[in-house]
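What follows is calculated from the coordinates using simple rules that are stated; it is not laboratory data. Model, not experiment: these values are computed from the prediction. Using ideal geometry, Cβ is built from the backbone for each residue, glycine included, and neighbour counts are taken over all protein chains shown.
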Amino acid sequence: MSAVDSLEDNIKGSFEQLGNDVIYISKLPWAENPSQSYWKYFQRPAPSYEDYQVIKTRVKTAAEVSLMVRIGSKTVKYRSNSVEGAFVLAATYEYATIFALQLDQGRYYTAYEYEHGSDKVILGYTIAEELFGAIDPIGKDIKLMGRTLQVIGIFEKSGKSLINPMDYDETVFLSYTLAKKMSDVKMRNSPMGTHLNVKANVDSNVDALKDEVTGVLRAHRRLKPVEIDDFSINEISVITQFLDKIFGVLNIAGWLIGVFAILVGMFSVANIMFVSVKERTNIIGIKKALGAKRYFILLEFLIEAIVLCILGGLIGLLIVFLVMKILTQVIDFELYLSVGNIVFGLTLSIIIGVIAGLIPANQASKLDPVEAMRR
């Protein structure tokens with residue numbers, strides 16, 4: 001359970017960086033297999049700067065709108081150093097606000113730099129390390145796509161995560177206005193080349209935002225009422241719902257494994273308690289002869305079984321905790337034992353103690369005192 005919970009929290013937490021109050025407009029829907037209807041989606045117009053402007057000016061439920069363009073892998077150079085395969089990403093000014101971009105050094109674009117397409121660039125943490133090493137990169141000039149650009153910021157290093165949809169470590173980030181001077185930002189032939197990111201304002205929910213964006217975009221693209229949308233509106237809930245199904249299966253598998261462990265433990269404790277009753281039969285007889293009630297004998301052995309299971313549960317939790325710590329260091333991925341699982345483990349231990357100790361305790365409580373003292 002700890003392993004599955006750690007995995008689920010890590011992956012879902014990574015996708016939550018995309019924002020639960022943000023919708024993503026692109027050619028392709030996230031909930032379908034694009035290979036099955038590739039030609040239909042390929043023929044759709046890519047989200048454009050005009051779409052961005054229309055949504056920005058007409059959609060009242062939107063707090064921020066940004067257009068993002070994936071330009072692709074390029075080579076970036078600083079003096080004799082170069083990095084091949086750096087991923088070039090361009091976006092409009094609001095992108096930083098929507099996704100709360102964090103910088104390790106330097107700053108983001110000013111409004112003036114963005115409007116005029118100034119030759120400024122923000123680098124990913126890994127790109128900066130490979131290009132500059134120990135040298136301070138801020139203010140240095142690099143070469144990208146035949147143009148000289150000044151480094152004004154370095155993205156914060158991405159944290160440990162199995163899936164990191166917002167990993168900027170190997171990214172070169174340009175303002176959209178600068179990218180227009182350097183590349184074709186329309187990306188007409190790329191199914192995933194451009195995205196519109198729209199964040200809902202505090203007074204609206206995502207459903208209301210989707211409805212208004214759909215109406216505005218359909219009107220802007222002059223779609224007739226009988227025509228289907230030529231764009232897809234995606235949200236993070238599509239991914240999280242899919243993940244819920246996967247982790248549901250993993251939890252079932254975990255329970256099946258756990259049930260066998262529980263059964264083995266339960267029979268082991270019951271066996272120990274039967275032996276304990278047999279070894280102390282004479283003492284039980286003496287206690288009953290001196291006036292001990294049946295419920296007193298029953299509780300004595302039942303509590304003993306519960307204490308035995310709690311001690312076993314605590315040892316098991318300690319082992320799990322140590323294993324989680326060791327694996328976290330070895331695989332560079334955080335595994336943890338949550339408070340919820342600790343409480344659940346101890347509760348389960350008590351339940352197992354009650355079930356496993358009930359029959360032996362009941363047997364002990366029913367012993368005839370004379371017969372018991374003779375054995």
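Brief remarks follow.
- Cα shape, region 308-375, gyration tensor, a/c 1.5 rule: prolate
- Sorted into 5 angstrom bins from 0, the C-alpha pair distances of region 264-357 split as 3, 13, 18, 17, 13, 11, 9, 6, 5, 3, 2, 1, 0 percent.
- Estimated from helical segments only, the mean residue ellipticity of the chain at 222 nm is -17000 deg cm²/dmol, where each DSSP H run of four or more residues counts as -39500 (n - 2.57).
- Selection of trypsin sites (Lys or Arg not before Pro), region 212-321, meeting DSSP coil and at most 11 other Cβ within 10 Å: Arg222, Lys293
- Furthest towards positive pole of dipole, Tyr168, Val185, Leu243, structure part the chain, Cβ charges: Leu243
- Rounded tilt (10° steps) of 236-279 against the dominant C-alpha axis of the chain: 20 degrees
- Of Ile138, Ile286, Ile350, the one that fluctuates the most in a GNM where the chain has Cα springs shorter than 10 Å: Ile286
- Computed about the Cα centre, the dipole magnitude for the chain is approximately 700 debye when only Lys and Arg (+1) and Asp and Glu (-1) carry charge, each at its Cβ.
- Short-range pairs are left out: with C-alpha atoms under 8 Å and at least six residues apart, the relative contact order of the chain is 24 percent.
- For the listed residue pairs Lys77/Lys199; Lys56/Lys77; Lys140/Lys180, the alpha carbons are over 32 angstrom apart in Lys77/Lys199; Lys56/Lys77.
- Separation of alpha-carbon centers, region 93-110 and region 293-310, rounded to whole Å: 63 Å
- Kirkwood Rh, Cα atoms: Rg over Rh of the chain: 1.23
- Degrees, to the nearest 10: 339-365 long Cα axis against longest axis of the chain: 20 degrees
- The residue among Val323, Ile351, Ala364 whose Cα reaches farthest toward the positive pole of the charge dipole of region 241-374, with charges on the beta-carbon of Lys, Arg, Asp and Glu, is Ala364.
- Taking every alpha-carbon pair in region 45-230 and binning the separations at 5 Å intervals from zero gives 1, 8, 15, 19, 18, 15, 11, 7, 4, 2, 1, 0, 0 percent.
- Choice from Gln105, Gln150, Gln241 showing the highest fluctuation, given a GNM over the chain with Cα pairs closer than 10 Å: Gln241
- Degrees between helix 294-331 axis and first principal axis of the chain (Cα, 0 to 90, nearest 10): 30 degrees
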